[in-house]
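Please read the structure below before turning to the comments.
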Amino acid sequence: MAHDDKTEQATPRRRQKARERGQVARSRELASAVAGFAGLVVALWLGEGQMAEWRGSLRQWSDLAWNADFSTHSPVLLQPALLALRWSLPPLAVAWAVAVGLSLAQGGLVFASEALAPRFERLSPATRLRQMFSIAGLSAPAKSLVPFSVLLYLGVSVLLRDWQLLAHSAALPRTAMANLLYQDAIEIGGKSTLTLLVWAAVDYLLQRQKLEGDLRMSKQEIREEYKETDGHPSIKARIRRLQRQLRRRRMLKDVERATVVVTNPTHFAVALEYRPEMTAPAVVAKGCNQLAERMKRLAWWNEIPVVENKPLAQALYRSVEVGQTIPAKLYVAVAELLAYVYRAQQRAGGRA
């Protein structure tokens, strides 16, 4: 009941941290079962073409065993070993490749450094005993008993079915006896492999379900994680406020190099800069309400012309960002404004 509040799916950050600790949905039984099935298929496929070779080799070994002496370097021992090795290497290689590939497919390549860290509580006998007799510790042997019981039942049922033939095997020809044993071995191996495959698939689904349950989060945990990753809302608000203050200070500093300040007259103020080497006038600062008043006072203090033009001020404020040049549709209006400013400055200079 302690986990009733964990109703939310795990976030990507929680999944990544779990992966770093080695918590991934991975079933060893699934990799072993699929690898065994692949190895069995390859062995049966290769065995069809090697039966004749095995028969000829058996006759040859029988002759050698009758005529040759036994030693560590005797062909009677070396040749069967080499032939068995050559026959078993392809199935084993395929089984190993399938096991490695399926293990990587289940959870990828995970290097969990935290899992390798030394923990002294693992050396405690009391802790080990508690783990062995806990529900999780007893579930592993109990889980293994289910497929073992099924495999035992399959093997016993096949042997009981053919028990009469096996009991009278001495009266059967060697070929018939060999075929009977081969067919029973293939049947038991095939049924056992399919049983292990089904059980491994169920085990993998249970592993995934358990991992999802362990990673589930409460709403409070999601909020805490959001604060850790994106910062506390009050801290973020303070940072944004400080950033706005810095931008305003920078803009007010840029007003000092403006050519003219266009006003609304009270709501908006836009500072324009134009030099002969520039392709078009640029907005170096803009503001509204209190910031606009500060811009106008700073312009008057630095003897920068302040011109009231409501439509132009509104258009510049809404369509041009700080640092951008004015759009082509405002060229005429701004050119007339600059011409007016230059004429006013020339008249003021003439009177002086």
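Brief remarks follow.
- Within segment 24-45, the residues that satisfy the criterion of being part of a loop (DSSP other than H, G, I, E, B) and surrounded by fewer than 18 Cβ atoms within 10 Å (Cβ to Cβ) are V24, A25.
- Enumeration of residues in segment 326-352 that are touching a residue at least 40 places away in the same chain (Cβ under 8 Å) and under 26 Å from E293 (Cβ atoms): I326, V334, L337, L338, V341, Q345
- Residue tally, condition of a type in the set (S, T, Y) and under 50 Å from the mean Cα position of the chain (by Cα), over segment 248-278: 0
- Test result for E212, modelled with pLDDT of 75 or more and under 23 Å from A10 (Cα atoms): yes
- Residues of segment 307-325 classified as among the small types (G, A, S) and surrounded by fewer than 16 Cβ atoms within 10 Å (Cβ to Cβ), total: 2
- Candidates S139, S144, S157: the one that is assigned to a helix (DSSP H, G or I), at pLDDT below 70 and of a type in the set (S, T, N, Q) is S139.
- Any pair with Cβ under 8 angstrom, 6 or more apart, that starts in segment 291-306 at a residue that is closer than 11 Å to A269 by Cα and ends at one that is among the aromatic types (F, W, Y): A292/F268; V306/W300
- Of the residues making up segment 307-327, those that are among the charged types (D, E, K, R) and either in contact with a Gly (Cβ under 9 Å, 6 or more places away or on another chain) or within 12 Å of P265 (Cβ to Cβ) (or both) are E308, K310.
The values are calculated or read from the model by the stated rules, or taken from the named source; none is laboratory data. Since this is a predicted model, take the numbers as computed values, not measurements. As a convention, Cβ positions derive from the backbone with ideal geometry for all residues, glycine included, and neighbour counts pool all protein chains shown.
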